[in-house]
1. Condition (residue is in contact with a strand residue (DSSP E or B) (Cβ under 7 Å, 6 or more places away or on another chain), surrounded by fewer than 18 Cβ atoms within 10 Å (Cβ to Cβ) and without any contact (Cβ under 8 Å) to a residue 24 or more places away in the chain) applied to region 19-39: is it met by at least one residue?
2. Among residues belonging to region 20-54 that are among the aliphatic types (A, V, I, L, M) and either modelled with pLDDT of 95 or more or assigned to a strand (DSSP E or B) (or both), point out the one that is nearest to the chain's Cα centre (by Cα).
3. Can you pull out the residues in region 8-18 that are in contact (Cβ under 8 Å) with a residue 60 or more places away in the chain and either surrounded by fewer than 20 Cβ atoms within 10 Å (Cβ to Cβ) or not in a helix (DSSP H, G or I) (or both)?
4. Which residue pairs have Cβ atoms under 8 Å apart, sit 6 or more places apart or on different chains, and have a first residue in region 55-75 that is farther than 10 Å from Arg25 by Cβ and at pLDDT 95 or above and a second that is in a strand (DSSP E or B) and of a type in the set (D, E, K, R)?
Amino acid sequence: MQVKYFTKHSLTSANEVAIKTNRNRSIWTEDVAVFEEMLYPVVFDMVHNDQEVRLQICLNAEGKTGWIDVPFDTYDNLPSIEVPNAATTAH
């Protein structure tokens, strides 16, 4: 299964755009430690108000999540990584 993700740079950049453009959802940066080497996977996505994509992002290993609204092109340009599907790898 392909999962889209943010890097530190792309998450910081998308969050700055969300704040500057007054989108409904952005990440509270005070609550999140953003590390250079981490990947921040998109765990849920949906089209929101036909103008953007609302994303739920996993922010740490403990499963804390945050929400951010991004333009369609930002979402489309996110890289993705192959992640095994838990249902097909369980024994």
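1. Looking through region 19-39, none of the residues is in contact with a strand residue (DSSP E or B) (Cβ under 7 Å, 6 or more places away or on another chain), surrounded by fewer than 18 Cβ atoms within 10 Å (Cβ to Cβ) and without any contact (Cβ under 8 Å) to a residue 24 or more places away in the chain.
2. Step one: list which residues in region 20-54 are among the aliphatic types (A, V, I, L, M), which gives 27, 32-34, 38-39, 42-43, 46-47, 53.
Next cut, either modelled with pLDDT of 95 or more or assigned to a strand (DSSP E or B) (or both) only: 42-43, 46-47, 53.
Details: Val42: 4, Val43: 7, Met46: 12, Val47: 14, Val53: 10 Å.
Only one residue tops the list, namely Val42.
3. From region 8-18, those in contact (Cβ under 8 Å) with a residue 60 or more places away in the chain are 10, 14; that's our starting set.
The one that is in contact (Cβ under 8 Å) with a residue 60 or more places away in the chain and either surrounded by fewer than 20 Cβ atoms within 10 Å (Cβ to Cβ) or not in a helix (DSSP H, G or I) (or both): Ser10.
4. Listed pairs, sorted by first residue: Pro71/Glu52; Phe72/Glu52; Tyr75/Lys4; Tyr75/Asp45.
The values are calculated or read from the model by the stated rules, or taken from the named source; none is laboratory data. Not measured: the values here are computed from a predicted model. Because the Cβ atoms are built from the backbone with ideal geometry, glycine has one as well, and the counts that use them run over all protein chains shown.
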